[in-house]
Amino acid sequence: MLDLNQYDSLAAALRDALDRFSDHVCLIEADRERENHRLTYRQFRDQSLPLARALEDLGFGADSRAAILMSNQSKWLEAAYAILYRGGVVVPLDYKLTAPEHSELLAHSKAEVLFIEYPLWRALCQAPGFSPETLRAIVVSEAPANADLGPARRWEEVPAGREATYVARKRQDWASIVYSSGTGGRPKGCILTNENYLEQCRSLTTWYPFWPGVRYLSILPTNHAIDFMVGFVGPFVCGAAVVHLRTLRPEFIREAFSRFKITYASVVPLLLKNVERSLRARFDELPPARRRMLDALIGVNRALTKNRPHPRLSRLLLPQVHKAFGGELLALIVGGAFTDPATLQFFYDLGIPVANGYGLTEASTAITVNDLRPFRADTVGKPLPGVEVRIAHPGPDGVGEVWARGKTIMAGYLDDPELTAETIVDGWLRTGDLGWMDDRGHLHLVGRKKNMVVTEGGKNIYPEDIERAFEDLPVKEFCIFAANYLWPVRQLGEMESLVMVLRPDGEGVQADGLRDAVAVRNRRLPDFKRVSGLLLWEREFPRTASLKIKRPELARQISSSVERGAVTPL
């Protein structure tokens, strides 16, 4: 891989990587059974630079901002490289958000250029308040030949074969503005610098190196900090290949592991749990004698890999299991939400290590990762090289707020100095999460931010953000909470769900009518933002002088007088 200490910017490192690994495959894009294309590093460069030249023709240069609103595909990375090549700032947007949310984030980020897929462009044009005139250029991919794109231009209209002028940047210059998956009523754009990315990549590849021949399966959206790093920056500076799937149906994900001989993949806990259930079901279907043999071999593998993984040995002992994963898998990477230690141990015993980690967008991706020396299923790992972690204001049990410091910590929140000052204190990132450190330097998490919910699928969501979809409900007032916040659970791994507390508008209101009204609006939201239960509340909500709901006080009243079983499921 490249020596990232020698570079001042992410673009400079990527530029050299395209030359050094020019004949190696860098991208494979597949859609169901069809492989759309595969690109070498040279071909990727040749397809990206015309985009950079088109940006140059617009006057796009140092510190200019361009948003990308696409699903995982090669064009996403081509657009990102073109933006960085011109010294610009990448604004990755989550394609799973609604069009009004996209419109809001485009305005907040002050993006000048937008790269977008055709279906998303159609939806965005219908979003209330969206003004395409605020953008200097809009480039739409995969639009039908007869489609009216309005002020936008087709991706295919960008002339090929044109060189662009490279714009050098420094380590402290901005590289991206990344929004968390749930931005709440107050958009939080994390400003990540070139140094943030270079240092994060250097520390991650110290423990989990990539090299030419490695294939990384990109399942998580590229706009998320983890896949932008591990599914773009990391593989590219090491000469590895990224495999993009245009479908995320489970059967095609499973097939991709064997078809493309995947080496690494990042997954969310929900997907990992589903794979575990599938494997256990297959094991249970085996004849008794074969099942006993399998259990014995798993036991042998567990004993021989106690201190560190031995991929070749595990593949020899459990060939059918590893064949189902392509026979080349070295590790799965998981983060973003709590992962059951029993699930982590299950995979490790099969010879498939799961690198469990913990991080935030504000820290450029990861803060801690399990280095597998030895494997620990009960923690979220140790601080990455170059990252310091401390437990601030610990109680008698050693539990306190997790703070992190290092060159991977963001520069701040876009246009929000007050929130930045609250979040970064003397260089320390206040994560808002609670945890403790053991005597071997491993971090244990015991809680999360009270106003944030991390779903089992790894999404960070904010109740205030979701409430906007229910503003026209026929009730006096309502509020959304995480169920585990109202009724705390003992184990972090229990399913987290959202409960809507409703104060009916008048007497005689039927619960069924309110449930139907909520269900209709619920269906308009992405799955990870949907409310799963209702609680009717007859008392007036406590409010501040400015009429804001006192959420902690309301939660206290509810949890002290109502049992969790009173919630009506949706």
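Would you mind pulling out the separation of the Cα centroids of region 329-382 and region 160-177, in Å? Result: 34 Å between the Cα centres. The Rg/Rh ratio of region 4-265, with both radii computed over alpha carbons and Rh defined as the Kirkwood radius, is 0.94. Selection among Leu105, Gly161, Ile226 by position relative to the dipole of region 4-265 gives Ile226 as farthest towards the positive end (Cβ unit charges, Cα centre). The share of Cα pairs per 5 Å bin across region 90-225, counted from zero up to the longest distance, runs 2, 8, 14, 17, 18, 17, 13, 7, 3, 1, 0 percent. Using C-alpha pairs below 8 Å separated by at least 6 residues, the relative contact order for the chain is 11 percent. Kirkwood hydrodynamic radius (Cα pairs, Å) of region 268-447? When all Cα pairs of region 268-447 are included, the Kirkwood radius is 18.1 Å.
Placing +1 at every Lys and Arg Cβ and -1 at every Asp and Glu Cβ, with all other atoms neutral, what dipole size does the chain have around its Cα centre, in debye to the nearest 20?
Values: 72 positive and 70 negative charges, 312 e Å.
Dipole of the chain, to the nearest 20 debye: 1500 debye.
Sequence gap at least 6, Cα distance under 8 Å: using those rules, report the relative contact order of region 268-447 to the nearest whole percent.
For region 268-447, the relative contact order is 16 percent.
Rounded to whole Å, the principal axis extents of the Cα atoms in the chain read 71, 68, 50, largest first.
A Cα-only calculation for region 47-115 places Rg and Dmax at 11.6, 32 Å.
Computed from backbone phi, the HN-Hα couplings of region 255-262 come to 5, 5, 4, 7, 5, 10, 6, 5 Hz, rounded to whole numbers (Karplus: 6.51 cos²θ - 1.76 cosθ + 1.60, θ = phi - 60°; Gly and Pro given as x).
With the simple model of a label 7 Å out from the Cα in the direction of the Cβ, Leu313 to Lys273 spans 3.2 nm.
Mind giving me the FRET efficiency for Leu419 and Asp63? R0 is 25 Å, r the Cβ-Cβ distance, nearest 0.05 is fine.
Result of the calculation: an efficiency of 0.70.
Sequence-distant contacts, meaning Cα pairs under 8 Å at least 6 residues apart, place the relative contact order of region 1-124 at 23 percent. One Cα centroid belongs to region 212-262, the other to region 63-96; the line between them spans 17 Å. For region 263-347, the Cβ-based charge dipole about the Cα centre amounts to some 260 debye (Lys, Arg positive; Asp, Glu negative; other atoms uncharged).
Basic side chains Lys and Arg get +1 at the Cβ, acidic Asp and Glu get -1 at the Cβ, and with that the dipole of region 4-265 about its Cα centre reaches some 380 debye.
Taking the charge dipole of the chain about its Cα centre, with +1 at Lys and Arg Cβ atoms and -1 at Asp and Glu Cβ atoms, the residue from Val501, Ala12, Val90 reaching farthest to the positive side is Ala12. Taken over region 296-376, the percentage of Cα pairs per 5 Å bin, counting from 0 up to the bin with the maximum distance, is 3, 15, 26, 22, 16, 10, 5, 2, 0.
For the peptides 194-200, 403-409, the ranking by packing is 194-200, 403-409, with the highest mean count of neighbouring Cβ atoms within 10 Å listed first.
For region 1-105, the extents of the C-alpha atoms along the principal axes are 42, 41, 28 Å, listed from largest to smallest.
Values in this text are rule-based calculations from the coordinates and carry no lab data. None of the values given here were measured: they were computed from a predicted structure. Don't worry about glycine lacking a Cβ; one is built from the backbone with ideal geometry, like all the others, and counts go over all protein chains shown.
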